[in-house]
1. Whether any residue in the stretch 458-465 is out of contact with any His (no Cβ under 6 Å at 6 or more places or on another chain), over 26 Å from LEU414 (Cα atoms), open to solvent by less than 50 Å² (accessible area, probe 1.4 Å) and not charged (D, E, K, R) is what I want to check.
2. Of the conditions (1) over 17 Å from GLY425 (Cα atoms); (2) in contact (Cβ under 8 Å) with a residue 24 or more places away in the chain, SER175 satisfies every one except a single condition; which number is it?
3. Answer with yes or no whether ALA229 is closer than 23 Å to SER120 by Cα and in contact with a Phe, Trp or Tyr (Cβ under 7 Å, 6 or more places away or on another chain).
4. Taking the conditions exactly as written (open to solvent by less than 20 Å² (accessible area, probe 1.4 Å), among the polar types (S, T, N, Q) and in a helix (DSSP H, G or I)), does SER354 satisfy them or not?
5. Does the stretch 492-501 include one or more residues that are over 20 Å from the mean Cα position of the chain (by Cα), open to solvent by 10 Å² or more (accessible area, probe 1.4 Å) and either under 13 Å from ALA223 (Cα atoms) or of a type in the set (S, T, N, Q) (or both)?
6. What residue, among those in the stretch 369-409 that are modelled with pLDDT under 90 and of a type in the set (S, T, N, Q), is nearest to VAL291 (Cα to Cα)?
7. Condition check: open to solvent by less than 50 Å² (accessible area, probe 1.4 Å) and not in a helix (DSSP H, G or I). Does LEU174 satisfy that?
8. Please work out if LEU240 is open to solvent by less than 20 Å² (accessible area, probe 1.4 Å) and over 26 Å from VAL504 (Cβ atoms).
Amino acid sequence: MSGLPGARTCPGPGEASDLKSPLGAKFREPLTETRFQQLFGDAEQEPELLAEPRWSRLWRRLASACSGPGAWRLLLARLPPLRWLPHYRWRAWLLGDAVAGLTVGIVHVPQGMAFALLTSVPPVFGLYTSFFPVLIYTLLGTGRHLSTGTFAVLSLMTGSAVERLVPEPLSGNLSGIEREQLDAQRVGAAAAVAFGSGALMLGMFALQLGVLATFLSEPVVKALTSGAALHVLVSQLPSLLGVPLPRQIGCFALFKTLAAVLTALPSSSPAELTISALSLALLVPVKELNVRFRDRLPTPIPGEIAMVLLASVLCFTSSLDTRYNVQIVGLLPGGFPQPLLPSLAELPRILADSLPMALVTFAVSASLASIYADKYSYTIDSNQELLAHGVSNLVSSLFSCFPNSATLATTSLLVDAGGNTQLAGLFSCMVVLSVLLWLGPLFYYLPKAVLACINISSMRQMFFQMRELPQLWRISRVDFAVWTVTWVAVVTLSVDLGLAVGVVFSMMTVLLQVPGLCILSYPAPLYFGTRGQFRRVLEWHLGLGEGSKVRDLVKGRKSAEPVRVVVLDCGGVTFADAAGAREVVQVRERAKEEAGLLDRVTPEQLFVSVQDAAAHALERLVRRRQ
């Protein structure tokens, strides 16, 4: 092989070398990418490649993706059923998916209608939101045990936006036609919010921003859902008591609603109050039984659907709607609505509402999917989840659906009922479809007070998250503070502002913990030949002995930032001997001796991060020397 032009090569046979000494040797210059192209590449085409515009390179990538193998890889990446359906265990999984899907579908029917009331739209649109998003996520989602549909937190946030965009007239006495027009405007506003939320998530998917889920920590998400559950409880009090009150929105809405309810309490309806008390007396114990005996019950007891049927029969036989003016669901239109593009003129107005809903949708769904993925040993794609929920919200908004996401209660129910894959979503859709096509008239006499009770009972799991606070206090005071600040902000201000406060406060706690943390990576073997260098580097960072003076001199100040915690990243330590292990012990002992004088490091603040087999050996040697 010929040498590089301009570089010295070894002398051949019969040639004399002019290298009289190592100092007189001529070394080859560094081979850069540009130099490589000049020597071995096509120099005439290089300027054209460098001057190629970005859009042209993107077009070439798109063209390669549209080729046969590229298109198939793209389909496999974006349509998860193509990956898991060929490996589906029909005999082992089909029965569990069918039972779980039917069970969740039965719950979706009353719960969807109940959450529609939170959204300030007619109940039938909750059924639409329990059908289209579930079907779309089955095709695009990567969470095998995730159940999507109506979610109380999103419904509450959407209802606040709808009430602000389309307020009810101050007179309150609307005719039938005026009520239909008002409902149509509110349905359009809710669909526009879903469209904006879906579009934002698709934009996040295009930018590959699935990593944003890491900024919503677990304390923030749990405090958000727990605080929103209290909002749901208070917002349903007028329906429980049969008191027609306008919905309060904005900051301090919870306290305004409580004050209005207490003022109107003497005018409450005894009939609806009785229905609410009986409904809660049935729903709450059934929820408790399902939780306590989940391992013994073949399927959870469908308390919601039983309560719906009993209340409908009672209202029909007793004529509660005419005799005592009990508010009922009324006629559920059969079939599906005509596809309709939401008003694009409303998008600038709802952008401020769509952004927090998109973040809540992705945060709750991604965290739920990750929990069950870790439990059942499979992986999820956070960016694909963005695509799934973005398409789910955007496409379903064309069918007058409001924002949707994964739900805590139905996901837990799906797992407890034996669900294994996304195929359970198809069985759930079959139940909702049967109600939309044939069984809708059965719910004509359903009292709305029962739906309010279903909303409150479904918040049980979110309320019980507060029981984790004592344990959180013992584990991490910082996480406890994040949880408390987020919860107080959600309750006193609003859900979207509380989310913003929680995220900002959580990030501040991280930034405040960074000073004083030193992560030292040592990418070399730790043995007798390198232990001196290792000691000098570590002393410099710890500020021990002469290392403190050298570090202060280099940084140009008398007092450096004290190191509180040191993490040794041993991923690059290929091997360690007894001398290297002894050096780690000696540095630790020196830190223990000088900590009282320098007030810089305590023994408990020196940690070793073990990341490979060689580091495991190092840890064992350190323990033996101690």
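1. Narrowing the stretch 458-465 to residues out of contact with any His (no Cβ under 6 Å at 6 or more places or on another chain): 458-465.
Checking the rest, the ones that are also over 26 Å from LEU414 (Cα atoms) come to none.
No; the residues of the stretch 458-465 include none that is out of contact with any His (no Cβ under 6 Å at 6 or more places or on another chain), over 26 Å from LEU414 (Cα atoms), open to solvent by less than 50 Å² (accessible area, probe 1.4 Å) and not charged (D, E, K, R).
2. Condition (2) is where SER175 drops out.
3. Numbers: closer than 23 Å to SER120 by Cα: yes; in contact with a Phe, Trp or Tyr (Cβ under 7 Å, 6 or more places away or on another chain): yes.
In short, yes.
4. yes
5. Going through the stretch 492-501, the residues over 20 Å from the mean Cα position of the chain (by Cα) turn out to be 492-493.
Narrowing further to those that are open to solvent by 10 Å² or more (accessible area, probe 1.4 Å): 492-493.
Add one more test, that the residue is either under 13 Å from ALA223 (Cα atoms) or of a type in the set (S, T, N, Q) (or both), and what stays is 492.
Within the stretch 492-501, one or more residues are over 20 Å from the mean Cα position of the chain (by Cα), open to solvent by 10 Å² or more (accessible area, probe 1.4 Å) and either under 13 Å from ALA223 (Cα atoms) or of a type in the set (S, T, N, Q) (or both).
6. Ranking the qualifying residues of the stretch 369-409, first place goes to THR407.
7. Working: open to solvent by less than 50 Å² (accessible area, probe 1.4 Å): yes; not in a helix (DSSP H, G or I): yes.
So LEU174 fits the description; yes.
8. Working: open to solvent by less than 20 Å² (accessible area, probe 1.4 Å): yes; over 26 Å from VAL504 (Cβ atoms): yes.
Spelling it out, LEU240 is indeed open to solvent by less than 20 Å² (accessible area, probe 1.4 Å) and over 26 Å from VAL504 (Cβ atoms).
The values are calculated or read from the model by the stated rules, or taken from the named source; none is laboratory data. Model, not experiment: these values are computed from the prediction. All Cβ positions, even for glycine, are placed from backbone atoms using ideal geometry, and neighbour counts span all protein chains on display. For the accessible areas, the whole protein counts, side chains as well, though only heavy atoms, and no ligand, DNA or RNA atoms are used. Shrake-Rupley method; radii C 1.70, N 1.55, O 1.52, S 1.80 Å.
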